[in-house]
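Written out below as structure tokens is the structure these notes cover.
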Amino acid sequence: MAAIRGAICAENTVEDISCKSLQLVKEIISRNDLNLSDVEAIFFSVTDDLNACYPAKSVREQLNLSNVAFMCFEEMKVGNSLDHCIRVCVFVNGREQASCKHCYLGEAAALRRDLEAR
């Protein structure tokens with residue numbers, strides 16, 4: 001099993017949180033050439049300024065992932081951290097961790113500049 005990570009920023013609206021969460025997970029699936037049947041669980045964390053909806057809801061519904069375990073958490077409050085941020089960890093079967101392509105999109109790319117060279 002491997003854990004593929006990513007992040008994206010969103011405005012605090014149902015529409016934007018839903019859209020950006022779906023965009024992020026779709027990008028992880030695309031970059032890693034994943035089969036949806038290999039996805040075991042998806043965990044989201046969001047900063048405390050994003051509370052209009054659960055990011056998992058639109059991903060579960062739009063990708064028809066009713067048998068995947070979803071969890072949503074509030075991110076730790078750390079000074080000078082990125083606001084309006086959705087982070088995700090997608091757990092997949094049949095993948096080596098070293099082959100994973102993590103996805104930090106838009107402003108959230110600043111969180112993991114070290115992954116840009118991969």
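The values are calculated or read from the model by the stated rules, or taken from the named source; none is laboratory data. Nothing here was measured: the structure is a model prediction, and the numbers come from that model. Accessible surface areas use protein heavy atoms only, side chains included; no ligands, DNA or RNA. Shrake-Rupley method; radii C 1.70, N 1.55, O 1.52, S 1.80 Å.
Quick one: of the DSSP bridges fully inside the chain, what percent are antiparallel, nearest 5?
On the way: 15 of 23 bridges.
The antiparallel proportion sits near 65 percent.
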Accessible-area ranking of 49, 33, largest first, probe 1.4 Å: 33, 49
Cα pair distances of the chain binned at 5 Å [whole percent]: 2, 12, 24, 25, 20, 12, 4, 0
Taking only Cα atoms of segment 24-85, radius of gyration then Dmax in Å: 13.1, 38
For residue 6, distant residues with modelled amide H under 5 Å away: 88, 103
Net length gained if the chain between residue 67 and residue 14 were fully extended (0.36 nm per residue, minus Cα distance): 16.8 nm
